[in-house]
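Presented below is the structure to which this report refers.
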Amino acid sequence: MAETPPKQHVVIVGGGLIGLCSAHALLREGHTVTIVESDHPGAGAAIGNAGEITPQQVAPLASPNMVKDVVKGVFTPTHYLTIALSKIPYLAFWGLDFIFASGKKRMASGSAALAQFADGIFPSLDRLTEAGIDTTGQQRDGFLMTASDEDLLVGSHRAYQERAKKGWGTAPGPIMRGKELHEFEPALQPGITGGYLLPAERSLDPVTFVASLVEDLKKQGVDFKVGYKGDRLTADGRGIIAVDANGVEHTFSGDKVVIAAGAYTTPILRKSGVKHKKVVSGKGYSFSVPVETMPRHLIHSKDRNAVIIPMHERLRVVGMMEFDEKPDQFNKSRMEVLEKAARTVIKGADWDNKYEEWVGPRPMTSDGLPLLGAVKGRPNTIVATGHNMHGLSLGPITGEVVADLVAGRTPTSDGKPLDIAPFAVQR
Ligand SMILES: Cc1cc2nc3c(=O)[nH]c(=O)nc-3n(C[C@H](O)[C@H](O)[C@H](O)COP(=O)(O)OP(=O)(O)OC[C@H]3O[C@@H](n4cnc5c(N)ncnc54)[C@H](O)[C@@H]3O)c2cc1C
């Protein structure tokens, strides 16, 4: 008979998407969990995002086209991607590696590494649903990808077809143009001339998802230490020294510690002397807007860089990528750029009455891959962060991988062994 792994006490630093999903997976295996959270559970990038659960799109951001966007981002304040000039020295190495990661070979290996998760994304999410977590607000009939730029339309369609041929996600539907497209999605502005469906992708409402996870974890006895900012690891690597609002230090220790502080991870690891792939903040924005007729689909505009999502009874607009290393700072001009883009995609919205304006920091790595595994030489310190634009898609499965690592098992995705070497903390 297989031996049952011993039950452990795990301290998780960060109560965002990854921390909460990890806690849930650990509880399912009978461990006890403490979550140390500096702000409140669901702060950071957890709730204002686009809600996309998307095996097809889980790929590194770096690509030859993106390099052009990065250059534009330094000089064009109205671009969707911006980089603060003053932060270029801090971001220089990260940016250089991003450019190297955009080469064909590294892009292909990064895509293959992330594609290992493709088959596991929905089953892991479904296990949360079965356990009673609220995954509603869902679109289960795919995403409408649009582009009026013909090269982007055809090129992205081909790229998704190629991914599907490799078994990474479901193939896109045929390209629709003109009348056919507008009959398929009447909410589109006339200027949107091309699109296709990614038929198997799903979405959910991250607000209700996170609230339900927090409530469930509390019921199951997770000890939430809220208002404690993780500062550095304890010397034995099993705990965290955190600072409260009065500047007083507290130590929270267990058998293992999981660092899941999203875009805020690098200062903790740096202070703890842990060499790691740097995680920087790539801020995104969102708002909700009243609309005459709800779009039938989640609309993901490839060329206007805006995602428009029917989410429960409201319509959310999401986009932007801002590198300024001020992860919590709301920048009104970014919101205006997003609104301008969204106006060109959908009609019938009451733009003067936007609400739920939000900013959140994506935890970005230069190669687009998360940091997922134990720290070299410190087997009791696990890092689970750097999920870039995919922390919701990958949250439930990352939680299960963390539980595998805590138990000392080989992590799996949909029952297949997962090679986590590409996600090494130091690489
Ligand atoms: C605009 C936008 C749209 C997005 N859309 C999608 C999408 O459609 N699909 C998708 O899969 N992903 C999406 N993402 C990405 C996703 O939101 C992130 O990848 C995800 O939130 C990362 O999870 P995390 O737990 O690592 O970080 P977070 O969710 O940011 O959580 C980090 C937590 O750690 C806490 N913390 C920080 N520092 C400390 C400290 N020192 N001590 C203790 N606690 C600390 C924070 O307060 C926060 O609660 C989007 C992101 C943005 C910004």
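A few notes on this one:
- Residue in the range 258-267 that is open to solvent by less than 30 Å² (accessible area, probe 1.4 Å), more than 23 Å from Leu392 (Cβ to Cβ) and not basic (Lys, Arg) present: no
- Scan of the range 366-414 for residues that are within 11 Å of the ligand (Cβ to nearest atom) and over 24 Å from Leu204 (Cβ atoms), ordered by number: Leu371, Val383
- Qualifying residue in the range 22-35 (condition: at pLDDT 95 or above, near the ligand (Cβ under 8 Å from one of its atoms) and open to solvent by less than 30 Å² (accessible area, probe 1.4 Å)): no
- Residue within the range 99-109 that is free of Cβ contacts under 8 Å to residues at least 12 places away in the same chain, part of a loop (DSSP other than H, G, I, E, B) and not basic (Lys, Arg) present: yes
- Residue selected from the range 331-362 under the condition under 24 Å from Trp94 (Cβ atoms) and open to solvent by 20 Å² or more (accessible area, probe 1.4 Å), by the criterion nearest to the ligand (Cβ to nearest atom): Arg362
- Yes/no for Ser212 being hydroxyl-bearing (Ser, Thr, Tyr), farther than 24 Å from Gly395 by Cα, modelled with pLDDT of 95 or more and under 23 Å from the mean Cα position of the chain (by Cα): no
One line per residue, one yes/no per condition, for (1) part of a loop (DSSP other than H, G, I, E, B); (2) closer than 22 Å to Arg362 by Cβ:
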{"residue": "Pro77", "(1), (2)": "yes, yes"}
{"residue": "Pro89", "(1), (2)": "no, yes"}
{"residue": "Trp94", "(1), (2)": "no, yes"}
{"residue": "Ser111", "(1), (2)": "no, yes"}
{"residue": "Asp119", "(1), (2)": "no, no"}
{"residue": "Thr135", "(1), (2)": "yes, yes"}
{"residue": "Leu144", "(1), (2)": "no, no"}
{"residue": "Arg158", "(1), (2)": "no, no"}
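- Among residues of the range 180-222, those that are within 16 Å of the ligand (Cβ to nearest atom) and among the hydroxyl-bearing types (Ser, Thr, Tyr), counted: 3
- Index of the failed condition, Thr82 passing every other in (1) in contact with a Gly (Cβ under 7 Å, 6 or more places away or on another chain); (2) open to solvent by 40 Å² or more (accessible area, probe 1.4 Å): (2)
- Of the residues making up the range 280-302, at least one is at pLDDT 95 or above, small (Gly, Ala, Ser), within 23 Å of Arg202 (Cβ to Cβ) and more than 10 Å from the ligand (Cβ to nearest atom).
- The single residue among Ile18, Ile35, Ile12 that is touching a Ser or Thr at 6+ places or on another chain (Cβ under 7 Å), assigned to a strand (DSSP E or B) and either on the phi > 0 side of the Ramachandran plot or not acidic (Asp, Glu) (or both) turns out to be Ile12.
- Listed by first and then second residue, the pairs linking a residue in the range 239-251 that is without any contact (Cβ under 8 Å) to a residue 60 or more places away in the chain to a residue that is away from the ligand (no atom under 13 Å from the Cβ) and open to solvent by 30 Å² or more (accessible area, probe 1.4 Å), with Cβ atoms under 6 Å apart and 6 or more places separating them unless they lie on different chains, are Ile241/Thr251.
- Every residue from the range 114-138 that is of a type in the set (Gly, Ala, Ser) and closer than 17 Å to Thr54 by Cβ: Ala115, Ala118, Gly120, Ser124, Gly137
The values are calculated or read from the model by the stated rules, or taken from the named source; none is laboratory data. Everything numeric in this text was worked out from a predicted model, so none of it was measured. Every residue, glycine as well, gets a Cβ built from its backbone with ideal geometry; the counts of neighbours run over all protein chains shown. With ligands, DNA and RNA removed, areas are computed over all heavy atoms of the protein, side chains included. Shrake-Rupley method; radii C 1.70, N 1.55, O 1.52, S 1.80 Å.
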